Structure formats: C-alpha cells, structure tokens
Amino acid sequence: MKKLVIFDLDDTIYAEKQYNLACYRAASDKFYEDFKVDIYPYIFQEFNQGNYRDLFSLAIKEVGVECSEDYIRNELVSTYRSFQPELTPYKGFERHIDNLRDKYALAIITDGPLDIQKAKIKALGISEYFDVILCSSELGADVRKPSAQPYEYVLNKLGMSYKDSVYIGDNKKKDFVYPNSSGMHSIHILNKVENDNLIYGRQDGESAQHYCESYEELVMLLESIFE
C-alpha cells in the first residue's frame, strides 16, 4: 500500500513571493491609470525588506497622493485579490513530482481564501498530480492549520493511517503542530536555492521532526522515513 505525502502550498511547492509581487504590480498599474504615479517601487522595496502590512496605504502616503480608504479597498485590494498571475513551481518540485506521484499517494492542505488558493493551484497547473487538494476553509470559514480537521479529512478521504503519512511544509507556527502530536511524520523544507523568502526558517514555533533544504534531499528523506 502506498504511503501518503501531504504538501503545504505556499513557499513549499512554489515561492509565494511570485504571487504577491505580481498582484501588487497589477494593483499598482491600476493606481497609475488613475493617478499617473507609480507606487510599485516603494511596495517592492518594503516587501523585500519583510514589511507586508498596509503596503498600499504606506506607498500612497509616500508618493503624496490623497485617496480614500474606500478606493484602496474597492480598487487596489480588489485588483490584488482578483488578479491571476502565471505561477511556476519550484524547479525541484517539477523535476521530482512524477517520481513522487508514482511512489506515493499525494495531497495538498493549504490555508487562505478559497478563491485565491484555487486560482494559485490552477495557475501552477499541478492538480493532476494530487489525489486530494484541500483548502482548509472548505471545511468552515474559521478552519485553518494547526486545526486537526484538515489533516483528519485528508487521511479519512484516502483511508490512510497517521504512521504512514507525512506532512511537508515551511511554517513553524502552524504546519507541524498537529502532525507532530498525532503520530504523523513532519518535514520542514526550505528550498534555499530557489527561495529567498526565508522568514519561516527564522520564526518561532514548533519544529518539524525532519528538515531538508531541497527537493533532492526530500526524495531521499522520504525513502528513509518509509523504508
């Protein structure tokens, strides 16, 4: 019987920075159409310094333009959330996913707004590789990791046991809490070569049982866990 490998999505299968910056660019283009001022350079700089909160308001203040909170919400935030950029998985994922698909049952558990997460998955073109793809909000508006519900749903759906399952993620605040307490295996993957957003490697939280820096290491680690 195949073992089960469950992936997180953002910053595990692809670099979420791709999505964020493309959507900020689209919203900045909308702002430029309306005010003939480009706020993207400020947003890009702040984002790359790890500042993610209130970027539209701060950028607009920086360029000295007056506009309402309604405009920010109804035009810029709306454009950000509705834009569907092209996304590319990590090269390591692309190299190894066919072999992983042949060897294991595969699933995704991801948090976030349902429409946005589904759009990301569609843009990545990865649905065919997975037996189950679950956005935790499908189980309820307030459901998100580290709740047990998403993990239990996937394991029950596929008829898998905890000891024969592993969760792969990057966020120590939520990804590994339930897997560690339930008897699942857990792996923290950083993708250091391809991902320059290493905030989750520095944050406090619960560490995974295993750690790897690339998909090449992940393949070998899975073999050792399930041997």
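Annotations for the structure displayed:
- Residue pairs whose Cβ atoms lie under 6 Å apart, separated by 6 or more positions or on different chains, with the first residue in region 81-104 and at negative phi and the second part of a loop (DSSP other than H, G, I, E, B) and hydrophobic (A, V, I, L, M, F, W, C), are Pro89/Ile13; Phe93/Ile13.
- Applying the set (1) of a type in the set (D, E, K, R); (2) within 23 Å of Ile126 (Cβ to Cβ); (3) not assigned by TED's automatic domain parsing to the domain that holds Ser161 to Glu62 leaves exactly one unmet item: (2).
- Candidate set: region 115-136, residues that are basic (Lys, Arg) and crowded, with 16+ Cβ neighbours inside 10 Å; chosen: the one nearest to Gln18 (Cα to Cα): Lys120
- Any hit, region 127-143, residues being at pLDDT 95 or above, among the aromatic types (Phe, Trp, Tyr) and under 15 Å from the mean Cα position of the chain (by Cα): no
- The lone exception for Gly112 - which of (1) assigned to a helix (DSSP H, G or I); (2) surrounded by 15 or more Cβ atoms within 10 Å (Cβ to Cβ); (3) under 20 Å from the mean Cα position of the chain (by Cα); (4) of a type outside the set (A, V, I, L, M, F, W, C) it fails: (1)
- Subset of region 87-109 (residues that are part of a strand (DSSP E or B) and aromatic (Phe, Trp, Tyr)): none
- For region 69-80, taking the residues that are touching a residue at least 40 places away in the same chain (Cβ under 8 Å) and within 23 Å of the chain's Cα centre (by Cα), the one that is surrounded by the fewest Cβ atoms within 10 Å (Cβ to Cβ) is identified as Val77.
This table checks each residue for (1) modelled with pLDDT of 95 or more; (2) assigned to a helix (DSSP H, G or I).
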{"residue": "Gln18", "(1), (2)": "no, yes"}
{"residue": "Cys23", "(1), (2)": "yes, yes"}
{"residue": "Ser28", "(1), (2)": "yes, yes"}
{"residue": "Phe31", "(1), (2)": "yes, yes"}
{"residue": "Asp34", "(1), (2)": "yes, yes"}
{"residue": "Asp38", "(1), (2)": "yes, no"}
{"residue": "Tyr42", "(1), (2)": "yes, yes"}
{"residue": "Phe47", "(1), (2)": "no, yes"}
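- Unmet criterion (only one of (1) β-branched (Val, Ile, Thr); (2) within 19 Å of the chain's Cα centre (by Cα); (3) part of a loop (DSSP other than H, G, I, E, B)) for Val65: (2)
- Of all the residues in region 106-126, those that are out of contact with any Phe, Trp or Tyr (no Cβ under 9 Å at 6 or more places or on another chain), among the small types (Gly, Ala, Ser) and within 20 Å of Tyr153 (Cβ to Cβ) number 1.
- Count - residues of region 89-116 that are polar (S, T, N, Q) and either at pLDDT below 95 or in contact with a helix residue (DSSP H, G or I) (Cβ under 6 Å, 6 or more places away or on another chain) (or both): 1
- Count of residues meeting criterion [more than 18 Å from Ala105 (Cα to Cα) and assigned to a loop (DSSP other than H, G, I, E, B)] in region 126-141: 2
- Glu66 being free of Cβ contacts under 8 Å to residues at least 24 places away in the same chain and closer than 30 Å to Glu152 by Cα: no
- Scanning region 184-221 for residues that are of a type in the set (Phe, Trp, Tyr), modelled with pLDDT of 90 or more and under 16 Å from Leu9 (Cα atoms) turns up just one, Tyr215.
The values are calculated or read from the model by the stated rules, or taken from the named source; none is laboratory data. Given the structure is predicted, the values throughout are model-derived calculations rather than measurements. With ideal geometry, Cβ positions are generated from the backbone for all residues, glycine too; neighbour counts draw on all protein chains shown.
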